[in-house]
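Take a look at the structure below.
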Amino acid sequence: MVCGGMVWGLLVLSILAGLNAQGLKDDRLCSATYDYEDALSKAILFLEGQRSGKLPASQRVKWRGDSALCDGKPDLVNLTGGYYDAGDNVKFGWPMAFTVSLLSWAAVEYQKEISSVKQLDPLRGAICWGADFILTAHTQPTALYTQVGDGNSDHQCWERPEDMDTPRTLYKITPSSPGTEAAAEAAAALSAASIVFKEVDSNYSVKLLSHSKSLFEFADKCRGSYQASCPFYCSYSGYQDELLWAATWLYKASGNTSYLNYVLSNEGWSHGVSEFSWDNKFAGAQALLAKEFLGGKTELGKFKSDADSFICALMPGSSSTNIQTTPGGLLFTRDSSNLQYATGASMVLFVYSKVLNASHIVGVQCGSVHFSTSQIKAFAKSQVDYILGKQPHEYVIHGGLWEKIPDTVTPQRRIDPFN
């Protein structure tokens, strides 16, 4: 799942680009081993290559053309736009919404750093492209289109989206065919995006937040796991994490304490995890809520404890580590598409270290072992450096950056038909 996975690289690289640009003095963390600014700009550019629909004049990936301009036509709705996933020509709404959530989190958490390397406007553009599709797909208060295209037939046909002739099958969730995970993630994405645009386009921000509230109500009142109604990339971890994640972002975006009360009423859903991904959002919600706890909301103490547990589950040398690392030092969570899990974990490690530092907390105690925030950040950085080539094979896995890259990269949108 490259579109969902690559966003992790974008987020972590955005942090490092900002740290590098600010010239911080922690040489162990911020030595300019790689050109993180270039990596960040390329990661955002990658998302332009994933675009579906009518492309704007400002499109920088010039060999891409308009595609899928009739999406939604069988149901008499307009479902053009959005992002293709990985090397597919399918638009998967649930992981796409998570992409928007995480892009928005990066813009909210690291606005100054991203702006300092002149990537804030491109990042906002990437967020808007995905958020606009979610708005379009939310055709009624209790209806959300979650997929355009057929994954099985698409995976059998390797072709550019401009030339595709595979079915553009439509799938949606409704009260009779629910998908709480997908609706709640869409709510999280739009509420996070509303914060990004609050100061630069207030009308758009209000629209995003309004749809977010409606989607959350739909997700919560019409509960049902995204399995029976899901044709592809279905839920394995249940919907409780998405509901907490969405309520947390809605609280941050609106300031409405009813969403905070919702979180508190359902805090029993939260537990220690070792993964942050498109299917499991607990660690992200825990990091956000731990920040609220340290800011004075003492009733949220459980989430601080759970956030600490996430750190302890990942850090090598911790007595409660339950994720292995490869010989080259990469976190190994899954056999398939593992990089998204490693970079997802790194994102939370960076953010949580920042949260702790802001509250003058020096680290996390994991049994008899104490990890300082510098150690936590250094481990997170090692995951990014692995992707950029600091590993036994010396491959730059973030394709398109430098000379030594893997021979075969799946997205057919990388192919320039004129070159």
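Coordinate-derived values only; no laboratory data. For clarity, every value in this text was computed on a predicted model and none was experimentally measured. Cβ sites come from the backbone with ideal geometry, for glycine too, and all protein chains shown count toward neighbours.
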* To do: Find me the longest stretch of the chain that has none of the exposed GluC sites (Glu not before Pro), where exposed means in a DSSP loop (not H, G, I, E or B) with at most 14 other Cβ atoms within 10 Å.
  => 200-393
* To do: Read phi for every residue in region 171-188 and hand back ³J(HN,Hα) as whole Hz from Karplus 6.51 cos²θ - 1.76 cosθ + 1.60, θ = phi - 60°, with x for Gly and Pro.
  => 10, 9, 10, 9, x, 7, 9, x, x, 4, 4, 5, 5, 5, 5, 4, 5, 4
* Give the shape of region 318-374 as rounded, prolate or oblate, defined through the alpha-carbon gyration tensor: a ≥ b ≥ c are the square roots of its eigenvalues, a/c under 1.5 means rounded, and otherwise the shape is prolate if a/b is larger than b/c and oblate if not. => oblate
* Give me the distance in nm between label points sitting 7 Å out from Cα along the Cα-to-Cβ direction at GLU299 and ASP385, one decimal. => 4.4 nm
* chymotrypsin sites (Phe, Trp or Tyr not before Pro) lying in DSSP loop within region 190-246, provided at most 13 other Cβ fall within 10 Å -> TYR236
* Structure fact -> For the chain, the convex hull over Cα atoms projects on average to an area in nm² of 19.4 nm²
* Cβ crowding within 10 Å averaged over residues, with 301-307, 128-134 ranked highest first -> 128-134, 301-307
* Could you please rank SER372, SER235, SER176, placing first whichever residue has the fewest other Cβ atoms within 10 Å of its Cβ? => SER176, SER372, SER235
* Structure fact -> Yeah, region 73-188 with a ≥ b ≥ c from its alpha-carbon gyration tensor (a/c under 1.5 is rounded, else prolate when a/b outruns b/c, oblate otherwise) is oblate
* **Least to most buried among SER374, SER382, SER368 (fewest other Cβ within 10 Å first)** => SER368, SER374, SER382
* May I ask for the net charge around LEU208, where only other residues with Cβ less than 15 Å from the Cβ of LEU208 are counted and Lys, Arg are +1 while Asp, Glu are -1? => +1
* Where Lys and Arg each count +1 and Asp and Glu each count -1, what net charge lies around TYR239 among other residues with Cβ under 13 Å from its Cβ? -> -3
* Structure fact -> Final fewest-first order of TRP105, TRP269 on the 10 Å Cβ neighbour count is TRP269, TRP105
